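Accompanying notes for the structure given below.
The values are calculated or read from the model by the stated rules, or taken from the named source; none is laboratory data. Predicted model only: the values in this text are computed from it and were never measured. When we count neighbours, we look across all protein chains shown, and the Cβ atoms used for this are built from the backbone with ideal geometry, even at glycine. The protein model used for the area step is the full one, side chains on, heavy atoms only, and it has no ligands, DNA or RNA in it. Shrake-Rupley method; radii C 1.70, N 1.55, O 1.52, S 1.80 Å.
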Amino acid sequence: DDKRFIEGGVDVPYRMLLPQEIDGLLASGRSAMKRGPQFRQRYSAQQMGQVAGTAAALSALSGVTPRDLDVRALQKTLLEQGAFIAPPQRLRELQLA
C-alpha cells in the first residue's frame, strides 16, 4: 500500500522542481516533466508554476537557495494562497490541516 498514491492524485515531491546539478534554479512545466504524461496536463503545469513561483519568492525572502527552502513553510504558504496541494485526508496525514 503506497501512501503516495491517494484518492484525488499523487504526491509530487518538491525536489522534482530542483535540477540535480544547478543551484538557485527551479524547473517547472515541461522542463520538470520526466515522470509521466499526467504532469503534462495544463492544470498540473499551472500548479507547478504556482509552486515554483512561491518557492522562488520564499527563497529570496529567506535568503536561501530553493534547494534549502523549508518545504513545510512552502506548503503552508501555498495553502494560505488557496492552492490545492492535497485532499483533506492527506493534509491531515501531513499535519497541515
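Summary table below
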{"quantity": "Qualifying residue in the stretch 22-29 (condition: small (Gly, Ala, Ser) and modelled with pLDDT of 90 or more)", "calculated": "yes"}
{"quantity": "Residue count, the stretch 60-71 (criterion: open to solvent by 40 Å² or more (accessible area, probe 1.4 Å), touching a residue at least 24 places away in the same chain (Cβ under 8 Å) and not aliphatic (A, V, I, L, M))", "calculated": "2"}
{"quantity": "Counted residues, the stretch 48-83 - those being farther than 22 Å from Ile22 by Cα, outside any helix (DSSP H, G or I) and not hydrophobic (A, V, I, L, M, F, W, C)", "calculated": "2"}
{"quantity": "Subset of the stretch 84-97 (residues that are part of a loop (DSSP other than H, G, I, E, B) and either aromatic (Phe, Trp, Tyr) or at pLDDT 90 or above (or both))", "calculated": "Phe84, Leu94, Gln95, Leu96"}
